[in-house]
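Comments concern the structure below.
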Amino acid sequence: MYGESRNCSNPHCFNPYCQCGENCRCGPYYQCGEHVGQMPAFKQPGIYPQHQIICYNPPVEEVPYAEYPKIRTTVVMGPNSYVFGDVYVDDDVMIGWNNLIRADSSSPYYIGKKTNVQDFVLIHCHPGEQIEVDGKNYGVYISDEVSILHHAQPHGPLFVGRNTFIGENVSIYGAKIGKDCVIMHGATVADYVTIQDGRFIAPGQSVWKQQQADQLPAVPSKFKNLNQEIVDHYYRLGKSYQRNTQLFI
């Protein structure tokens, strides 16, 4: 897929494997496709001007193959955010500032469409562990239109269903979380519990036994539209940063 060495004199091209030579017409936001002038499906690996890093994982026993992330070109990604390894980031995701997503101890990961990963979020997985989704194993699977707020730590093996809200400083370590859930700020979810669709976890609450998970209440009416409001705002905000500043790729 990639050339063995760079052959490009274009100072605006950040593809470390570019083979376009003097014909390269890439810019900071759209990098080399199969043909000059064609926008590729995925962002190219490398270190970008605002220190975004897209890089392969180093091979270890649990993840023996080095893989590059596959980040769709419609994704927006802020300064000092890093993605390593076999991570598929689908269309229109917003990744804010200072995030770390590394599939170096288990893989693959999937992050669904229009999900927002805000700031100082760490996404990782326990070495060699996975969760099954539609017949395929993943270290971390985050569905479409999920909100992951500042300083959250979603740790796999993990499944998060569509339209779920994960608040600030939420700690998750091994879980299957249904769709339409609201996990409020400072909560803890652990020990591989399963949380059904449409459940509510209060601020600071700990859920680490399946009996606790089974007793969770439905999302209160005042919070039912919370996540969609956040998804809509961060979708528009990320696109505006990309259009109007040089901070996002």
Phe120, sole failed condition from (1) in contact with an Asp or Glu (Cβ under 9 Å, 6 or more places away or on another chain); (2) open to solvent by 60 Å² or more (accessible area, probe 1.4 Å): (1)
Which listed residue is crowded, with 24+ Cβ neighbours inside 10 Å and in contact with a Phe, Trp or Tyr (Cβ under 8 Å, 6 or more places away or on another chain), from Val133, Val140: Val140
Residues (small (Gly, Ala, Ser) and in contact with a strand residue (DSSP E or B) (Cβ under 7 Å, 6 or more places away or on another chain)) located in region 205-243: Ser206, Ala213, Ala218, Gly238
Test: residue in region 99-116 that is under 22 Å from Phe223 (Cα atoms) and crowded, with 23+ Cβ neighbours inside 10 Å: yes
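Taking the condition in contact (Cβ under 8 Å) with a residue 60 or more places away in the chain, open to solvent by 10 Å² or more (accessible area, probe 1.4 Å) and either within 14 Å of Val121 (Cα to Cα) or of a type in the set (Lys, Arg) (or both), does Lys70 pass?
Working: in contact (Cβ under 8 Å) with a residue 60 or more places away in the chain: no; open to solvent by 10 Å² or more (accessible area, probe 1.4 Å): yes; either within 14 Å of Val121 (Cα to Cα) or of a type in the set (Lys, Arg) (or both): yes.
No.
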Residue among Tyr192, Tyr173 that is among the aromatic types (Phe, Trp, Tyr), over 14 Å from the mean Cα position of the chain (by Cα) and surrounded by 18 or more Cβ atoms within 10 Å (Cβ to Cβ): Tyr173
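The values are calculated or read from the model by the stated rules, or taken from the named source; none is laboratory data. Here the structure is a predicted model, which means the values were calculated and not measured. Note that each Cβ is placed from the backbone with ideal geometry, even for glycine, and that neighbours are counted across all protein chains shown. Quick note on the areas: whole protein, heavy atoms, side chains included, nothing else; ligands and nucleic acids left out. Shrake-Rupley method; radii C 1.70, N 1.55, O 1.52, S 1.80 Å.
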